[in-house]
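**Student:** Below: one structure in structure tokens.
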Amino acid sequence: DAMVIQNPRYQVTQFGKPVTLSCSQTLNHNVMYWYQQKSSQAPKLLFHYYDKDFNNEADTPDNFQSRRPNTSFCFLDIRSPGLGDAAMYLCATSTDRVNEQFFGPGTRLTVL
Amino acid sequence: AQKVTQAQTEISVVEKEDVTLDCVYETRDTTYYLFWYKQPPSGELVFLIRRNSFDEQNEISGRYSWNFQKSTSSFNFTITASQVVDSAVYFCALSEALWNRDDKIIFGKGTRLHILP
């Protein structure tokens, strides 16, 4: 089945230790998104790729970076995680930015 | 700036009752898109419906129905004859058409729905 896969599902890191979260898709969608969702809150868009074109939200901290080496994969790098970065990170894809998004199961990040 | 308000933080109903989840939005755009997503306890958001601002026709899909009213800037979601499997957090979202500003897509804070057996 076509889907959005996120690895790992659970990630524990130490304060300040870089961490990379990965997302892959078999849907061949043009757009890939990264969201941060804290407990009992709405998902918040961090950035998205339209094909190779990277688009950052203005309030996304510089600590967060992303890479999309090919259509299928997208990575979220957190260079120096702080305690406030503990959250669920959701990857999503869509055929176009105004179309429905297909979400992965998320990676829950814990920062010790 | 765009805004989505889901005033109902949490709702509990008994199975087989009907329930309506409210969504009120604000936007300065004339072209925009509205969505509903379901987030069950497993955590994965599931797309339910997409509406563009020019299509005010109400939609029914099985037990689910949506009422879009531009006059009141509302896009409400009704579940008829609710079932325990409907228990989840439901998010309403608003997307601008051009994606050339900040707040390209805004999610409401969600309504946690409990269906009691």
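**Student:** Interface size between chain B and chain A, please: total buried accessible area, 1.4 Å probe, rounded to the nearest 100 Å². Walk me through the intermediate numbers first.
**Tutor:** Working: alone 6560 and 6170 Å², together 11000 Å².
Roughly 1700 Å².
**Student:** Put simply, what bits of the stretch B:45-64 lose 10 Å² or more of accessible area when the other protein chains are there, versus the chain on its own (1.4 Å probe)?
**Tutor:** For the stretch B:45-64, once contacts with the other chains are taken into account, B:Leu45, B:Phe47, B:Arg50 lose 10 Å² or more.
**Student:** Hey, another quick one. Just subtract the alpha-carbon distance of A:Arg108 and A:Ser39 from 0.36 nm times their residue separation and send over the number in nm, one decimal. Walk me through the numbers on the way to the answer.
**Tutor:** On the way: separation 69, 0.36 × 69 = 24.84 nm, distance 1.04 nm.
Once the chain is fully extended between A:Arg108 and A:Ser39, it gains 23.8 nm.
**Student:** Could you report the stretch A:4-105's accessible area per residue, 1.4 Å probe, as an integer in Å²?
**Tutor:** With the other protein chains kept in place, the stretch A:4-105 gives 46 Å² per residue.
**Student:** Still on this structure, I have one more. Using a ≥ b ≥ c from the Cα gyration tensor of chain B (square roots of the eigenvalues), is it rounded, prolate or oblate, where a/c under 1.5 gives rounded and otherwise the larger of a/b and b/c decides, a/b for prolate?
**Tutor:** Prolate is the answer for chain B, as a/c is 1.5 or above and a/b outweighs b/c.
**Student:** Within the accessible area of the stretch B:1-99, what % is carbon and sulfur when the probe is 1.4 Å and the other protein chains stay in place?
**Tutor:** Carbon with sulfur: 48 percent of the solvent-accessible area.
**Student:** Suppose we compare each residue of the stretch A:79-112 in its chain alone and in the full protein complex with a 1.4 Å probe; which ones drop by at least 30 Å² of accessible area?
**Tutor:** Residues of the stretch A:79-112 that lose at least 30 Å² of accessible area once the other chains are added: A:Arg97, A:Val98, A:Glu100, A:Gln101, A:Phe103, A:Pro105.
**Student:** Let me ask something else. Structure shown: which of A:Lys44/B:Lys104; B:Lys3/B:Lys104; A:Lys44/B:Lys109; A:Lys38/B:Lys38; A:Lys38/B:Lys109 lie over 20 Å apart, alpha-carbon to alpha-carbon? All intermediate terms of the calculation are to be shown ahead of the outcome.
**Tutor:** Numbers: A:Lys44/B:Lys104 10 Å; B:Lys3/B:Lys104 11 Å; A:Lys44/B:Lys109 10 Å; A:Lys38/B:Lys38 16 Å; A:Lys38/B:Lys109 11 Å.
As for pairs spanning more than 20 Å Cα to Cα, there are none.
**Student:** Right, something else. Would you work out what percent of the accessible area of the stretch A:1-55, with all protein chains in place, is carbon or sulfur (probe 1.4 Å)?
**Tutor:** 47 percent
**Student:** Using every pair of alpha-carbon atoms in the protein assembly as shown, split the distances into 5 Å bins beginning at 0 and state the percent of pairs per bin, rounded to integers.
**Tutor:** With a bin width of 5 Å, the distribution comes to 1, 7, 14, 18, 18, 17, 13, 8, 4, 1, 0.
**Student:** Mind grabbing the base-10 log of I(q)/I(0) for the stretch A:33-112 at q = 0.10, 0.22 Å⁻¹? Debye formula, identical points on the C-alpha positions, no solvent, two decimal places.
**Tutor:** -0.22, -1.13
The values are calculated or read from the model by the stated rules, or taken from the named source; none is laboratory data. Values in this document were obtained by computation on a predicted structure and should not be read as measured data. Ligands, DNA and RNA are stripped out before the accessible areas are found, and what is left, the full protein with its side chains, is counted by its heavy atoms. Shrake-Rupley method; radii C 1.70, N 1.55, O 1.52, S 1.80 Å.
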